[in-house]
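Please treat every number below as a calculation from the coordinates, not as lab data. Treat the numbers as computed from the prediction; the structure is a model and nothing was measured. Virtual Cβ from ideal backbone geometry, glycine too; neighbours counted across all protein chains shown.
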Amino acid sequence: MAGALAQGDPGPGLASHLTPGAAFDKTRRVDLRLNPAAALAGVAPTRTPAGRWPAEAAHPLALSQQFAVNAVHTELAPTAGVFAVNGPPGTGRTTMLRDCFAATVVERARRLAALRLPSEAFAKQAPYVWKSGDCTRTVTPLRPEFTGFEMVVASANNGAVEDISTEIPARGALGEQWREEADYFAEQATRLLKGEPAWGAVAARLGSKRNRLEFVNRFWHGKFRQSDAGAPPPPPVPSQADGGRRRGGECPTDGFIAGGARVVSEQAG
């Protein structure tokens with residue numbers, strides 16, 4: 001970010017954020033309370049994204065929520081920038097974000113569906129290669145038109161961010177008619193939610209090193225903790241009489257478990 005600012009090209013989003021209010025063209029602002037026709041135009045079907053969160057059909061977005069979703073999709077989807085939505089607690093911010101998320105997923109799927117072969121989604125360049133312990137990792141980057149759909153939720157309130165990252169993958173966030181059929185790496189998503197039923201691995205708590213290690217252990221290595229909801233009984237600890245060795249008695253209860261064996265991760269203790 002510092003390098004981009006030094007070169008004078010921080011990108012549309014950061015540039016908008018850092019631009020003083022006095023430099024904006026205030027004549028472009030529209031007070032929807034004084035001009036309700038503008039609000040109705042903003043929720044027209046032609047401005048509505050193709051994707052909608054699979055909620056109960058009888059519970060559509062409120063007018064202001066749909067206006068915000070349409071405006072974000074129309075103004076930011078083709079490019080980048082900043083769009084501010086003021087929503088006090090309890091006004092349905094997470095509900096609005098779900099539809100923004102659905103619109104993004106469907107737009108990316110639309111581009112992928114136009115490919116003749118799945119391999120065409122990858123860039124024709126040398127893959128990224130790096131060492132991780134004794135393993136060599138190789139990743140081929142995607143073409144630029146299939147990137148940029150990621151979302152980062154940040155807040156000074158960690159609880160608010162955690163609520164969003166756990167509510168969106170939860171199976172209970174879906175409408176009843178979609179709840180049982182939806183499955184996008186549901187097994188991995190359930191591990192990420194510590195055993196709570198989930199429909200898809202579409203969001204995760206990251207940020208701190210502890211959260212990132214937790215994600216790697218659960219998502220990539222298939223591990224869970226004994227304290228997780230629905231966790232199976234712990235495997236027996238072999239006694240010295242059976243030829244096993246104990247280290248301070250039983251293994252810690254907050255260790256990760258995988259493949260029938262208890263594993264203590266870097267963050268346990």
Check GLU196: other-chain or 5+ apart residues with amide H under 5 Å from its amide H, H built from backbone geometry?
ALA229
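Sorted by average packing, counted as other Cβ atoms within 10 angstrom per residue and highest first, what order do 94-104, 26-36, 2-12 take? The partial results should precede the final answer.
Details: 94-104: 20.2, 26-36: 8.5, 2-12: 10.7.
Those peptides, ordered most packed to least, come out 94-104, 2-12, 26-36.
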For the range 95-192, the percent of all C-alpha pairs falling in each 10 Å bin, from 0 up to the bin holding the max distance, is 11, 29, 35, 22, 2
Quick check: pseudo-label points 7 Å beyond the Cα along Cα→Cβ at THR94 and ASN35, how many nm apart are they?
3.5
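How big is the antiparallel share of DSSP beta bridges in the chain, given as a percent to the nearest 5?
Of those bridges, close to 90 percent are antiparallel.
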Taking all pairs of distinct alpha-carbon atoms in the range 1-107, Kirkwood radius in angstrom
15.7
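Given a Förster distance of 35 angstrom, what is the FRET efficiency for GLU167 paired with ALA126, based on the Cβ-Cβ distance and rounded to 0.05?
Working: r = 40 Å, r/R0 = 1.14.
So, using R0 = 35 Å, E works out to roughly 0.30.
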Return the FRET efficiency for the residue pair THR147, TRP178: r is the Cβ-Cβ distance, R0 is 25 Å, and the value is rounded to the nearest 0.05.
0.35
Okay, which of the range 182-203 sit inside 16 Å, backbone N to the point 7 Å along the Cα-Cβ direction of ALA109?
182-186, 199-203
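Return the ratio Rg/(2.2 N^0.38 Å) for the chain, where Rg is computed over Cα atoms only.
Expressed relative to 2.2 N^0.38 Å, the Cα Rg reads 1.26.
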Which length gain, in nm to one decimal place, applies between THR79 and ALA4 when the Cα-Cα distance is subtracted from 0.36 nm times their residue separation?
25.2 nm
